[in-house]
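**Q** Okay, here's the structure, questions in a sec.
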Amino acid sequence: MEYRNLGAAGARVSTLCLGAMTFGEADEKSFMHKAGCDEATSHAILDRALEAGVNFVDTADVYGQDGLSERVIGSWFAASGKRDRVVLATKFRFTMGDGPNKSGASRYRIMRCAEDSLRRLRTDRIDLYQIHMQDITVPEDETLRALDDLVRAGKVLYTGCSNYAAYRLTDSLWTSKTQHLASFVTLQAQYSLIARDLEREHVPLSRRHGLGILPWSPLASGFLSGKYRRGAAAPDGARLALGGRMSRYDNERNWRIVEALVAVAEQINATPAQVALAWLIARPQVTSVIFGARSVAQLDDNVKAAELQLAPAHMKELDDASSFELGYPYDFIGRTQGSW
């Protein structure tokens, strides 16, 4: 397993991060993505992840009913005594509880959310505390000052953001610098062979300011797992078979990506999922790729991606298959200078 700095921070994390969105929910009717696993299985996955060298775990207060994912991780910490072997990330921002302050990134709410997460996780600190999405109703400096106070109090070690527009992230970094506040060290965002939009603004911005990118949905809700083929029905029980979800992926570009992914996987004796994860690990500014697992076997399969080195020819094949329209002004700049 390779370890990288957590963006501009000194902490070292594995190039694969175990996403805990699936933890705790055995009842498919109550789980938000119909893809959960019970607490015992979640604990077994956490144990095996550490054995495999994965030392980075990501969750959020909204994962599972009433903070269930955080509570499952907290019970594992208590039972295993392995808290200090994990770099723990969680998030706040979305709806928890009720009342007029049930969501958002105000100082009032951040302080409460942090204390609630610490209690559920049964820990004295959150290693990486992330705002789950920008809040346009709250001044960015209010959010940053609250996070800075948590860092100064030792309850949070590092801060990060998720699902931020580039303009807002730039403003945030400038505010932190000029007001001497703790600054984001990571950006968690959707990134995969299917979704490469980050490369327009966020990747250059992250490179300029030293942010580590933490891709979520690296397999595009399982579309890049190898289970789906052009012209064939989605497998029974597959996530994308539910509620017409498959329709948003059913286009020529995406099938071209799947076919290139399968071809590369066959050439190097790997699975399409492993290749898709390895492609992301090799992208500029990516610190760690967040992947989920509903079973120990699934974790064992995906974690092999950390050791997979794709040849330049294979990277180019996947880059070409997943190329996308840059749009203005990037295409104009590219035609003029050869690069944007």
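Every read-out reported here was derived from the displayed coordinates using simple, explicitly stated rules and does not represent laboratory data. All figures in this text were calculated on a predicted structure; none of them were measured in a lab. Every residue, glycine as well, gets a Cβ built from its backbone with ideal geometry; the counts of neighbours run over all protein chains shown.
**Q** Mark the label point 7 Å from the Cα of D171 along Cα→Cβ and return the residues of the range 184-222 whose backbone N is within less than 17 Å of it.
**A** 184, 202
**Q** Placing +1 at every Lys and Arg Cβ and -1 at every Asp and Glu Cβ, with all other atoms neutral, what dipole size does the chain have around its Cα centre, in debye to the nearest 20?
**A** The dipole magnitude comes to about 360 debye.
**Q** What length, rounded to one decimal in nm, is gained on full extension from S247 through to D300, with 0.36 nm per residue of separation minus their alpha-carbon distance?
**A** 16.1 nm
**Q** Hey, in the GNM for the chain with a 10 angstrom Cα cutoff, which one of Y330, Y158, Y108 fluctuates hardest?
**A** Sorting by GNM fluctuation, first place goes to Y330.
**Q** In addition: If a paramagnetic tag sat 7 Å from the Cα of R196 along the Cα-Cβ line, which residues of the range 247-272 would have the backbone N under 19 Å from that point?
**A** 249-265, 272
**Q** Still on this structure, please answer the following. By how many nm would the segment from D320 to M111 lengthen if fully extended, with 0.36 nm per residue of separation less the alpha-carbon distance?
**A** Between D320 and M111, full extension yields 70.7 nm more.
**Q** Between E307 and R85, how many nm apart are label points set 7 Å from Cα along the C-beta direction?
**A** 1.9
**Q** How far apart, in nanometres, would the label points at S339 and I136 be if each is projected 7 angstrom from Cα along the Cα-to-Cβ direction?
**A** Placing both labels 7 Å along Cα→Cβ, they lie 3.4 nm apart.
**Q** Within 10 Å of each residue's Cβ, count the other Cβ atoms and sort T137, T271 from fewest upward.
**A** T137, T271
**Q** Give the whole-number value, in cubic angstrom per residue, of the convex hull volume spanned by the C-alpha atoms of the range 119-222.
**A** 117
**Q** Now for a separate question. Fewest to most neighbouring Cβ within 10 Å: what's the order for K227, K316?
**A** Sorted ascending by nearby Cβ count, the order is K316, K227.
**Q** Mark the label point 7 Å from the Cα of F94 along Cα→Cβ and return the residues of the range 135-166 whose backbone N is within less than 13 Å of it.
**A** Zone members listed by number: 162-163.
**Q** Let me ask another. Let me have the 222 nm mean residue ellipticity of the chain computed from DSSP H runs of 4+ only, each contributing -39500 (n - 2.57), with the sum over all residues rounded to the nearest 500.
**A** -12000 deg cm²/dmol
**Q** Moving on. What's the exposure ranking of F92, F77, F324, going from fewest to most Cβ atoms within 10 Å?
**A** F324, F77, F92
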